[in-house]
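Structure record follows, encoded as structure tokens.
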Amino acid sequence: MEAEPPLYPVAGAAGPQGDEDRLGVPDGPEAPLDELVGAYPNYNEEEEERRYYRRKRLGVLKNVLAASAGGMLTYGVYLGLLQMQLILHYDETYREVKYGNMGLPDIDSKMLMGINVTPIAALLYTPVLIRFFGTKWMMFLAVGIYALFVSTNYWERYYTLVPSAVALGMAIVPLWASMGNYITRMAQKYYEYSHYKEQDEQGPQQRPPRGSHAPYLLVFQAIFYSFFHLSFACAQLPMIYFLNHYLYDLNHTLFNVQNCGTNSQGILLGFNKTVLRTLPRSRNLIVVESVLMAVAFLAMLLVLGLCGAAYRPTEEIDLRSVGWGNIFQLPFKHVRDFRLRHLVPFFIYSGFEVLFACTGLALGYGVCSVGLERLAYLLVAYSLGASASSALGLLGLWLPRPVPLVAGAGLHLLLTLSLFFWAPKPRTLQHIWILYTVAVLWGVGSALNKTGISTLLGILYEDKERQDFIFTIYHWWQAVAIFTVYLGSSLPMKAKLTVLLVTLVASAASYLWMEQKLRRGVVPRQPRIPRPQHKVRGYRYLEEDNSDESEAEGERGGCGGGGRGDCAEEEAPPAWPRPGPEPAVLYRRPCPYEQAQGGDGPEEQ
């Protein structure tokens, strides 16, 4: 009786065809070593490299879409909840029945103060927080604080609403500064992954050509602001599907309103104190707030799960290792850059125009004439116009750089001049089509403004060591503008339009002057970014300009790149007698930008 064959072939044993397998390769001890441990015979290194970088590029696109969707949901939930909350709390009957003598108007005023005043201090802590947590985790933390603000509305009391509003105010500038930095970094990474062959030829230490990532930055900023401006439409969903069913019509709410538009004073002077026909049930309010809370939680998950890191781990360490004192000071030192100084009026106008669209245009011209029940549709028209027009930022791929930004400013200039001479009559619907047209056109100008400024900052400041500082300065000035609008909310409409018009003309003129100086070849004066220092001896970093060093140590160390100057002229070493030729009286260290260009350009003229 024959023995049964083993279940598994024994290693090295002859197969059914002898010492060769079906491919004709010898098996057993005679098998060639290359066949066992060598490369896969059909392996194509170039094709695998192409597939690898294609996956990397798809990952960058996923990051951009996730960050954009997360920002849209976060801001939409915040605006929608705040709008619904303020309308409910404005109604006299709702306050008396639901909260009695709790002082809800006083709580609302302190809450708005916390949201608008707290960001004024953001320039002091935003760069430190972004460097400490990292860009992605700063975004996640800030979105979580927005979700915290939503959750406190389940129990509306002074000790819940006001502290959460202060925390929200602290998170506004870090959130949008890290978002702007994140989108810019994604454009740079997409360029690296698309031109990996050129990167290999140039070497890892060689920087890509200046402006090489600009086309991708234009596309990514257009995507981001398309999503961002949709947040204004998303914010109106609670109003459209819930609160509008409880509102009085315009004949009741506007009964005592006498002047609208350019003749109005403050915000809705004479507006009726009761705007709700019936009070919404508490259970329905809890359902709406739970939906908003779920959307805020979804935004947190999008940022946490789908957004990748903006920097490599070693880059994150380098960004933190320049010293926390330097990180704190660098936003202030960037004021010496004439490009930022010229763009500050545009930063301020960027905050003015968004607040004017939501308060001046929507309330002073819209609600004042066509009623509160049509507020949501006006803001939806503004949102859709701005979202669709964000794609116009792509015109920068073919047109000169100033064209989209100046075109948006010119459109807003024409609309502002038109609003100066228009005072719609209260309780009149014949001109509602004009309101919708103005809202859409204002959205077009807003889209060109936002995409143009963010793209311009990403192009002018390519160094990844500076981008968080630059976007912090941009959004801090926006917060200052919003705070100014909050302080001047009781001004006449003509005064608001005058301030808007003057700021717009000044910002456009200042920006064109900056472009003219750049065309003349004026070199901006940027502060030097200190080198990362990783080694620690005792309690001190081994910095080359150590504040604790003695004079002898300073003599031995020299100036070697870590000195005190910030791209400026410095005094020569002490002139005591030394052997050798006499040193020069003045010498100059080039800026990082000049070092990258390989030259010593002149100082700002």
Output for the stretch 388-398, where each listed residue is part of a helix (DSSP H, G or I) and surrounded by fewer than 22 Cβ atoms within 10 Å (Cβ to Cβ): Ala388, Ala391, Leu392, Leu394, Leu395, Leu397
Residue in the stretch 368-379 that is of a type in the set (Gly, Ala, Ser), in contact (Cβ under 8 Å) with a residue 24 or more places away in the chain and in contact with a Cys (Cβ under 7 Å, 6 or more places away or on another chain) present: yes
Hits in the stretch 430-466 (condition: free of Cβ contacts under 8 Å to residues at least 12 places away in the same chain and buried (at least 18 other Cβ atoms within 10 Å of the Cβ)): Tyr461
Out of Tyr382, Tyr349, Tyr365, sole residue that is modelled with pLDDT under 95, of a type in the set (Phe, Trp, Tyr), open to solvent by less than 40 Å² (accessible area, probe 1.4 Å) and touching a Leu at 6+ places or on another chain (Cβ under 9 Å): Tyr365
Count of residues meeting criterion [aliphatic (A, V, I, L, M) and touching a Leu at 6+ places or on another chain (Cβ under 8 Å)] in the stretch 458-486: 6
Criterion (part of a helix (DSSP H, G or I), farther than 30 Å from Arg131 by Cα and among the β-branched types (Val, Ile, Thr)) met by exactly one of Val480, Val522, Val485: Val485
Residues within the stretch 479-505 that are farther than 24 Å from Ala122 by Cβ and open to solvent by less than 20 Å² (accessible area, probe 1.4 Å), tallied: 3
Residues being under 19 Å from Trp155 (Cα atoms), assigned to a helix (DSSP H, G or I) and open to solvent by less than 30 Å² (accessible area, probe 1.4 Å) - total across the stretch 54-104: 12
Residues of the stretch 278-303 that turn out to be under 23 Å from Tyr193 (Cβ atoms) and open to solvent by 20 Å² or more (accessible area, probe 1.4 Å), as a count: 1
Any hit, the stretch 326-340, residues being touching a residue at least 40 places away in the same chain (Cβ under 8 Å), crowded, with 16+ Cβ neighbours inside 10 Å, more than 28 Å from Val64 (Cα to Cα) and among the aromatic types (Phe, Trp, Tyr): yes
Candidate set: the stretch 146-179, residues that are among the aromatic types (Phe, Trp, Tyr) and more than 30 Å from Pro331 (Cβ to Cβ); chosen: the one most open to solvent (accessible area, probe 1.4 Å): Tyr159
For Gly396: the one exception among (1) touching a Ser or Thr at 6+ places or on another chain (Cβ under 9 Å); (2) modelled with pLDDT of 90 or more: (2)
Residue satisfying all of: in the stretch 204-246; among the aromatic types (Phe, Trp, Tyr) and farther than 30 Å from Leu375 by Cβ; surrounded by the most Cβ atoms within 10 Å (Cβ to Cβ) among these: Phe220
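The values are calculated or read from the model by the stated rules, or taken from the named source; none is laboratory data. A quick note: this is a predicted structure, and the numbers were derived from the prediction, not measured. Reconstructed Cβ throughout: ideal geometry from the backbone, glycine too, with neighbour counts over all protein chains shown. Keep in mind that these areas ignore ligands, DNA and RNA; they rest on the heavy atoms of the full protein, side chains included. Shrake-Rupley method; radii C 1.70, N 1.55, O 1.52, S 1.80 Å.
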